[in-house]
Structures are given as C-alpha cells and as structure tokens.
Amino acid sequence: MFGLFNRDPQKKLQQAYERKLQAAMEASRNSDMRANATLTEEAEALLAEINRLKAQKG
C-alpha cells in the first residue's frame, strides 16, 4: 500500500541524464568543448547507473 508513494530512482536518474545531455548540447553550441566533455562524461555515468538498476530489476 505504501509502495504507491515511493519514488522510482530509475525515473529520477533518467530525468537527470536527459538534463545533462541537454546541458552538454548547449555547451557544444556555445563552443565550450571542455564543459561539453565534462557534462557528457557525467551523463554517461548516469546512464551506467540506470542500466545497473535495470539489470537488478530484470
């Protein structure tokens, strides 16, 4: 019954991943390649965590 109110950590990570990719794209458009690389690396770490959670569930 109380499981209804628990947040899904995978959904939260997915949203953070999408925000990082968006920020990386904006940095690229502004010719800030260092920020783009950093944000892309952070996004890849989030994606690895998402995949780890999917593997645990499935």
Original post:
Is it fair to say E18 is of a type in the set (D, E, K, R) and in contact with a helix residue (DSSP H, G or I) (Cβ under 8 Å, 6 or more places away or on another chain)?
Top reply: no
Subject >> Sole exception among (1) part of a helix (DSSP H, G or I); (2) over 16 Å from the mean Cα position of the chain (by Cα) for T38, by number >> reply: (2)
Subject >> Residues of the range 29-58 classified as open to solvent by 50 Å² or more (accessible area, probe 1.4 Å) and either of a type in the set (S, T, Y) or touching a Pro at 6+ places or on another chain (Cβ under 6 Å) (or both), total >> reply: 2
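The values are calculated or read from the model by the stated rules, or taken from the named source; none is laboratory data. Note that the coordinates shown come from a computational prediction; the quantities given were computed from them, not determined experimentally. Positions of Cβ are generated from backbone atoms using ideal geometry, with glycine treated the same way; all protein chains shown enter the neighbour counts. SASA here: full protein model, heavy atoms, side chains in, ligands and nucleic acids out. Shrake-Rupley method; radii C 1.70, N 1.55, O 1.52, S 1.80 Å.
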